[in-house]
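Okay, so here's the structure we're looking at.
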């Protein structure tokens, strides 16, 4: 084999190795990153876009995330990546649900919120239940005894309603500034809530100090975070604080 032939062969082998490494890297990124698809609930003739963040462990616990109100613009289920990707990296199977579709009616801005917005929360709760049941079919290896619901704002109202409508399914709920739907006063599921500095909850939404002690409910006010900074608008310090509290709740 002459010198030129050896050089061509070496170049080919290096090129092939680079392609192989590139394919492996892409595969690993895909596995650790984001998978999206649209489920379809035939009973309600409704599409449910979801994003999956999958960890590399056996039988992971489940976190289902519900986004804040986005006026039906779509894509809001991807606006909390600082939290969803972090939780997946910590070993949780995270599902983020898009609750609003462009064809939906807008949430009423007048009237008593607990009345006029209740149907929207009910729809979100049914979305969550449908996703859980679909996961039981597609991913039976998941830990369905330890499901945590996390939500922000309107999505947090859905999380607060879910165990009251469908008891005995979830292990914990963690709300980020639910303002309208009262938190359940229960020992099970465990209830946690992070509160902003600028958006007070309606009367009766948060448990009294006596109720917090009675049911073991944890309410924490974030001194440096406003309501609208709980999604990907959060700065580095806010993100760390929210993630640290949520990990403490999950590990409790």
Q) Quick one: which of 116, 94 is under 14 Å from residue 149 (Cβ atoms) and at pLDDT 95 or above? A) 94
Q | Check on residue 178, closer than 20 Å to residue 67 by Cβ and in the same structural domain as residue 74 (by TED's automatic domain parsing) | A | yes
Q. Does region 143-182 hold any residues that are in a strand (DSSP E or B) and within 14 Å of the chain's Cα centre (by Cα), and which are they?
A. 147, 148, 149, 150, 151, 152, 172, 173, 174, 175, 176
(Q) Whether any residue in region 55-70 is touching a strand residue (DSSP E or B) at 6+ places or on another chain (Cβ under 7 Å), modelled with pLDDT of 95 or more, more than 20 Å from residue 248 (Cα to Cα) and surrounded by 13 or more Cβ atoms within 10 Å (Cβ to Cβ) is what I want to check. (A) yes
Q: Take residue 104 and decide whether it is part of a helix (DSSP H, G or I) and assigned by TED's automatic domain parsing to the domain that holds residue 191.
A: no
Q | Scope region 114-152; condition crowded, with 20+ Cβ neighbours inside 10 Å and farther than 20 Å from residue 171 by Cα; matching residues | A | 120
**Q.** Scope region 200-218; condition within 21 Å of the chain's Cα centre (by Cα) and surrounded by fewer than 19 Cβ atoms within 10 Å (Cβ to Cβ); matching residues
**A.** 218
Q | residue 45 vs. criteria modelled with pLDDT of 50 or more, touching a strand residue (DSSP E or B) at 6+ places or on another chain (Cβ under 8 Å) and more than 28 Å from residue 232 (Cβ to Cβ) | A | no
Q.
I need a count of the residues in region 201-250 that are part of a helix (DSSP H, G or I) and in contact with a strand residue (DSSP E or B) (Cβ under 8 Å, 6 or more places away or on another chain).
A. 7
Q: List the number of the failed condition for residue 74; all other conditions in (1) surrounded by 15 or more Cβ atoms within 10 Å (Cβ to Cβ); (2) out of contact with any helix residue (DSSP H, G or I) (no Cβ under 7 Å at 6 or more places or on another chain) hold.
A: (1)
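The values are calculated or read from the model by the stated rules, or taken from the named source; none is laboratory data. Nothing here was measured: the structure is a model prediction, and the numbers come from that model. Please note: Cβ atoms are built from the backbone with ideal geometry, for glycine as well, and neighbour counts cover all protein chains shown.
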